[in-house]
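The values are calculated or read from the model by the stated rules, or taken from the named source; none is laboratory data. Note that the structure is a prediction, hence the values are computed from the model and not measured. No Cβ is skipped: glycine too gets one built from the backbone with ideal geometry, and neighbour counts run over all protein chains shown.
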Amino acid sequence: MISAPMGSLLIQGGRILDPASGLDATGDVLVVDDRVAAIETKGAIRVPSDVPPPERIDAEGRLVCPGLLDIHVHLREPGGEHKESLETGTAAAAAGGFTTVCCMPNTRPALDNPTLVEFVQLKADRLAHSRVFVVAAATVGRQGEQLAPIGSMAASGAVGFSDDGDVVASAGMMLKVLQACRAADRPFMQHCQEPTLSAGGVMNAGPLATRLGLRGWPRLAEELVIERDIRLNRGIGCAYHVQHLSSGGSVALVRAARERGEPVTAEVSPHHLLLTEEACVGYDTNAKMNPPLRASDDIRQLKEGVADGTITVLATDHAPHAVHEKAVDFDSAAFGIVGVECALPLYRRALVDDGVIDWLRMIAMMTIEPARLVGLDRQGLGRLAVGGPADITVVDPELEWTVRADRFHSMGRNCPFHGWTVRGRAVETIVRGRRVWSESLDRS
């Protein structure tokens, strides 16, 4: 962990982007202790005499934005420390520019009670390189049979609820979950996978799966759950969030709900914007995803959903696995990839370089939009404002580098983007006024 003693930082000459306020201007940012003390876009900041001489960061030609926030990561602790830990996962997050991550509850045991929520938070406060918040399980053991104590977990700090890794398959249980989350003023995040349609599926259903001799997983398995949940939620009004969209048909369902004014949001991950089912040719298990990679037309519709505001959040679904869990045949391999360390340039390639959205909107989808969804904007996260938390990411938008999974800070190596040459990187990650990641120091 790279850190400096509490004091002051002066970030000079960068392009300051704060989507929450619409700020997009060149200037300086002064950090004193753990807060943003000043933002100046009309001249050089004058450091007050009572402030210690600041450490200076030259940000000319770089973007200075609120710390990136990922609401969908798997830190694997407790029970999966052979894959990832709170310490290694947040080190990876910091290296990717993320100052805040929300961890999923598919741990062993599942994060389904206040004691476990508090355990993760306390351990993260001691070891983590970024802020960590818990998305807790909606049902006991993530089994979909008994409602978890949602109210008490919310009181203990859970910022959202999900049985991620599994869908809440029962409509009756889903109704109870939505009601409980609404009462607790927390979003529910659904893993949309109708189990009878997706059972045994390992890649997108279609001619390619047939040719490869692999069991297909249809788009309908995702779309049916979204359609059901939207109907169930109409009389409840819970903040309902669709995780890792993969199907173009799903985009249409979310769009229609939002046009009706319903509280429905959705996220998309880098791999579903850049890779198609063709990545499964050769049986590369790093291309085995949940939900699976789809077709180029799905990517087109996902990008349209980003462009028109249907999809509001970019989230990595960072899912580390031990090497032996991927080094098997395709059918037996674990689902998922690691993503937090290379997400920023991959989003840049898929969305900015393709002209889908600009940098300001992309940063919004990685800061204030996810912060609002899980209520972290109420703590000042997701924005860059005087008096607010000094969680800041400095990005070099033109830095060219090669993704090397073998050099990740994450314990996971399961990345299909290994070897890709990309542009754009977080070069400084600042949490609570401390430099927790510096590309220049790490390189040295």
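Just name the residue that is surrounded by the fewest Cβ atoms within 10 Å (Cβ to Cβ) out of those in the stretch 201-215 that are of a type outside the set (D, E, K, R) and closer than 13 Å to Lys288 by Cβ. Please lay out each step first, then the result.
Looking only at the stretch 201-215, we keep the residues that are of a type outside the set (D, E, K, R), and these are 201-210, 212-214.
Going one step further and asking which of them are closer than 13 Å to Lys288 by Cβ, we end up with 201-204, 209, 212, 214.
Values: Gly201: 19, Val202: 22, Met203: 24, Asn204: 25, Ala209: 20, Leu212: 17, Leu214: 22.
Within the stretch 201-215, the match that is surrounded by the fewest Cβ atoms within 10 Å (Cβ to Cβ) is Leu212.
State yes or no: is Thr429 more than 21 Å from the chain's Cα centre (by Cα), within 27 Å of Ile311 (Cβ to Cβ) and among the polar types (S, T, N, Q)? For Thr429, the condition - more than 21 Å from the chain's Cα centre (by Cα), within 27 Å of Ile311 (Cβ to Cβ) and among the polar types (S, T, N, Q) - is not met.
Within the stretch 297-355, the residues that satisfy the criterion of being more than 18 Å from Asp70 (Cα to Cα) and of a type in the set (A, V, I, L, M) are Ile299, Leu302, Ala307, Ala322, Val323, Ala327, Val328, Ala333, Ala334, Val352.
Among the conditions (1) within 30 Å of Ala364 (Cα to Cα); (2) surrounded by fewer than 21 Cβ atoms within 10 Å (Cβ to Cβ), the only one that Val268 does not satisfy is (2). A Cβ distance below 6 Å, combined with a sequence gap of six or more or placement on separate chains, defines the contacts here; from the stretch 152-172, residues that are farther than 24 Å from Phe335 by Cβ and of a type in the set (Gly, Ala, Ser) reach residues that are surrounded by fewer than 22 Cβ atoms within 10 Å (Cβ to Cβ) and at pLDDT 95 or above in the pairs Ser152/Pro114; Ala154/Ala184; Ser156/Pro114; Ser156/Glu118; Gly157/Gln121.
In the stretch 327-444, which strands (runs of 3 or more DSSP E) lie fully inside it and hold 3 or more residues that are touching a Phe, Trp or Tyr at 6+ places or on another chain (Cβ under 8 Å) and crowded, with 23+ Cβ neighbours inside 10 Å?
Qualifying strands (runs of 3 or more DSSP E): 421-431.
Return the residue satisfying two criteria in turn: it lies in the stretch 174-188 and is within 22 Å of the chain's Cα centre (by Cα) and closer than 13 Å to Met153 by Cβ, and of such residues it is surrounded by the fewest Cβ atoms within 10 Å (Cβ to Cβ). Result: Asp185.
Residues of the stretch 172-224 that are over 25 Å from Ile71 (Cα atoms) and of a type in the set (Phe, Trp, Tyr): Trp217 alone. In the stretch 228-242, the residues that are assigned to a helix (DSSP H, G or I) reach residues that are small (Gly, Ala, Ser) with C-beta atoms within less than 6 angstrom, at least six apart or across chains, in these pairs: Ile230/Ala257.
Can you name the residue in the stretch 36-80 that is part of a loop (DSSP other than H, G, I, E, B) and acidic (Asp, Glu) and is also surrounded by the most Cβ atoms within 10 Å (Cβ to Cβ) among such residues?
Our first condition is that a residue be part of a loop (DSSP other than H, G, I, E, B); within the stretch 36-80, this holds for 41-54, 59-62, 67, 74-80.
Right, trim to acidic (Asp, Glu) and you get 50, 60, 77.
Working: Asp50: 6, Glu60: 9, Glu77: 24.
Only one residue fits best here, namely Glu77.
Scanning the stretch 188-225 for residues that are touching a strand residue (DSSP E or B) at 6+ places or on another chain (Cβ under 6 Å) and assigned to a helix (DSSP H, G or I) gives Ser198, Ala209. Within the set Val242, Val254, Val281, the sole residue that is within 24 Å of Cys342 (Cβ to Cβ), β-branched (Val, Ile, Thr), in the same structural domain as Ala371 (by TED's automatic domain parsing) and touching a strand residue (DSSP E or B) at 6+ places or on another chain (Cβ under 9 Å) turns out to be Val242. Only one entry of Leu344, Leu314, Leu293 meets the criterion of being more than 22 Å from Ala91 (Cα to Cα) and in the same structural domain as Gly79 (by TED's automatic domain parsing), and that entry is Leu293. For the stretch 370-394, the set of residues classified as touching a helix residue (DSSP H, G or I) at 6+ places or on another chain (Cβ under 7 Å) and among the hydrophobic types (A, V, I, L, M, F, W, C) consists of Ala371, Leu381, listed by residue number. Scanning the stretch 122-145 for residues that are at pLDDT 95 or above, under 19 Å from Val340 (Cβ atoms) and buried (at least 18 other Cβ atoms within 10 Å of the Cβ) yields Ala124, His129, Ser130, Arg131, Val132, Phe133, Val134, Val135.
Take the residues of the stretch 146-173 that are in a strand (DSSP E or B) and under 20 Å from the mean Cα position of the chain (by Cα): which is surrounded by the fewest Cβ atoms within 10 Å (Cβ to Cβ)?
As a first pass, look at the stretch 146-173 and keep what is in a strand (DSSP E or B): 147, 160-161.
Now restrict to residues that are under 20 Å from the mean Cα position of the chain (by Cα): 160-161.
Working: Gly160: 27, Phe161: 32.
Residue satisfying both the conditions and the ranking: Gly160.
Here Lys83 meets the list (1) surrounded by fewer than 22 Cβ atoms within 10 Å (Cβ to Cβ); (2) among the basic types (Lys, Arg); (3) not in a strand (DSSP E or B) almost entirely, failing just condition (1). Number of residues in the stretch 265-311 that are farther than 15 Å from Phe335 by Cα, part of a helix (DSSP H, G or I) and among the hydroxyl-bearing types (Ser, Thr, Tyr): the value is 1. Taking first residues from the stretch 50-79 that are within 30 Å of Leu373 (Cα to Cα) and partners that are basic (Lys, Arg) and surrounded by fewer than 16 Cβ atoms within 10 Å (Cβ to Cβ), the Cβ contacts under 6 Å between residues at least 6 apart in sequence or on separate chains come to Gly79/Arg108.
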